[in-house]
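Step one of this worksheet: look at the structure below.
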Amino acid sequence: MAFALFLGASNFIFPPLIGVLSGENLVQSMLGFLISAVGLPLITLVAVAKAKGNMVELLPPFVGLLLMAVIYIVLGPAYAIPRTGLVAYEIGLKPFISEPSDVMQFYYTLLFFGLAMLFALYPGRLLDTIGKVLTPAMIFLLLILAGSLFFFDHTVFQAAVGKYAHQPFISGFLDGYNTMDALGSIIFGMLLIETLKSKGVTKPADQSKYLIAAGFIAALGLIVVYTSLFVLGGLTGTMLESAENGGMILTTYVQHIFGGYGLVILAIVVTLACLTTAVGLLSSCAQFFQKIVPSWSYKQLVIGLTITCVVISNVGLEQLIQVSIPVLYIAYPVAVVLVALTFVRDRFAAPEMSYKLCLVIAFFYGLLDALKAIGMDLSFIYELNEEGLGWVLPSFIVMCALLKIDILPTQKRKVPQDH
């Protein structure tokens, strides 16, 4: 179930495109991508297990609620769920119709999200539906796709272009943000804990053990899928004059190898992957917003979220990707620092104050510009800032300093007890 929840729309559309663009630098780009798209989600799941599902308890209630609401909105109706329907349409139906139209896209997304809504309305059956039925079918078809790479007759990687020619590792790392899986781990971790409870696993220690095990299984599966898709993109680059997105690259490759039957296989794989992610996110978002607005029932929220996703999904795939990039560049630093804080929170002299300070710095890392303006030599930091990683050094330097400095030497450290 964990693997299926993570393997969604973005997992198929970004690696092939990066593989094409990075060409001869494919290995460096892929390593950067795997760190942010697999390593960070796995670490986040471990943090969720450590925090027993509540990673924001040390923040002021309003701030913690606002942070979680932003994550759920971005990963829910605002972007991630609508994207699953769009990618499923781009790869699952569009290659089979001679004259695609906006009307056809609308009816497809209506059917897709209608089916996702039916699964999400019964959250207690998610493990049985996704883990035991949809995932095995998807893995079998993915193995066929990955195995075909050994029979591909084009073995020349083209030259890297753009940012992938100069900084392939950092570019790949930042591209991993687009999967949203590090943010998704926070949501999916909570969903998996609720699923474990429904199966009779009520002890926090047992929940943590199973959640971490599920995280490693999902990470291994994602590494296999991403590696295959990167190589697929790199090998397919010589066949394409231009490619707007990874969906076009995938369909070109599959049609070349398998013909029309291959497109059917790909359509089934992508549709299943997008559907499982949509179901998990719909269920998670409905459960979260029900806690905020108890007067709305779970079923009402699922239906309302589904309608919203149908409307937003008809904006267009490229447009959604462009809108999401600035949001991700803001949300990811905060999420990563929050995860790091979870692992060391019992070592702070003043945990609540430390959380606030580190998260504020992660959010406002643009203040480095002001330090440079007054003449301080921060070129080594500012160079990272230009690449979108300026938050890393300030956030973690302050975190390490707070671990070393006993801010409240006369008071006993107060560590939140696990509930």
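The values are calculated or read from the model by the stated rules, or taken from the named source; none is laboratory data. This is a predicted model, so every value here is computed, not measured. Cβ sites come from the backbone with ideal geometry, for glycine too, and all protein chains shown count toward neighbours.
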Can you pull out every residue in region 7-27 that is farther than 16 Å from F173 by Cβ and at pLDDT 85 or above? P16, V20, G23, E24
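Kindly check whether there is at least one residue in region 27-44 that is more than 24 Å from F3 (Cα to Cα) and out of contact with any strand residue (DSSP E or B) (no Cβ under 7 Å at 6 or more places or on another chain). Even if it seems obvious, please write down each step before you answer.
First, pick out the residues of region 27-44 that are more than 24 Å from F3 (Cα to Cα): 28.
Filter once more, so that each one left must be out of contact with any strand residue (DSSP E or B) (no Cβ under 7 Å at 6 or more places or on another chain): 28.
Yes, region 27-44 contains at least one residue that is more than 24 Å from F3 (Cα to Cα) and out of contact with any strand residue (DSSP E or B) (no Cβ under 7 Å at 6 or more places or on another chain).
Determine whether region 187-197 contains at least one residue that is among the small types (G, A, S), modelled with pLDDT of 85 or more, surrounded by 23 or more Cβ atoms within 10 Å (Cβ to Cβ) and under 30 Å from L232 (Cα atoms).
Kept after step one, since they are among the small types (G, A, S), are these residues of region 187-197: 189.
Those still in the list that are modelled with pLDDT of 85 or more too: 189.
Imposing the further condition that a residue be surrounded by 23 or more Cβ atoms within 10 Å (Cβ to Cβ) reduces the set to 189.
Checking the rest, the ones that are also under 30 Å from L232 (Cα atoms) come to none.
No; the residues of region 187-197 include none that is among the small types (G, A, S), modelled with pLDDT of 85 or more, surrounded by 23 or more Cβ atoms within 10 Å (Cβ to Cβ) and under 30 Å from L232 (Cα atoms).
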Can you report the number of residues in region 254-297 which are buried (at least 17 other Cβ atoms within 10 Å of the Cβ) and small (G, A, S)? 8
For region 23-73, give me each residue that is aromatic (F, W, Y) and out of contact with any Phe, Trp or Tyr (no Cβ under 8 Å at 6 or more places or on another chain). F62
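Any residue in region 55-68 that is buried (at least 19 other Cβ atoms within 10 Å of the Cβ) and either assigned to a helix (DSSP H, G or I) or without any contact (Cβ under 8 Å) to a residue 40 or more places away in the chain (or both)?
Of region 55-68, the ones buried (at least 19 other Cβ atoms within 10 Å of the Cβ) are 55-56, 58-59, 67-68.
Adding the requirement that they be either assigned to a helix (DSSP H, G or I) or without any contact (Cβ under 8 Å) to a residue 40 or more places away in the chain (or both) leaves 67-68.
Yes, the conditions are met somewhere in region 55-68.
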Has region 80-89 got any residue that is surrounded by fewer than 23 Cβ atoms within 10 Å (Cβ to Cβ) and in contact with a helix residue (DSSP H, G or I) (Cβ under 9 Å, 6 or more places away or on another chain)? no
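Return the residue satisfying two criteria in turn: it lies in region 163-189 and is of a type in the set (F, W, Y) and more than 8 Å from the chain's Cα centre (by Cα), and of such residues it is farthest from N54 (Cα to Cα).
Result: Y164.
Kindly establish whether F173 is crowded, with 18+ Cβ neighbours inside 10 Å, touching a helix residue (DSSP H, G or I) at 6+ places or on another chain (Cβ under 6 Å) and at pLDDT 80 or above.
Numbers: crowded, with 18+ Cβ neighbours inside 10 Å: yes; touching a helix residue (DSSP H, G or I) at 6+ places or on another chain (Cβ under 6 Å): yes; at pLDDT 80 or above: yes.
Answer is yes for this residue.
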Could you pull out the residue among I223, I193 that is touching a residue at least 60 places away in the same chain (Cβ under 8 Å), over 30 Å from V20 (Cα atoms) and part of a helix (DSSP H, G or I)? I193
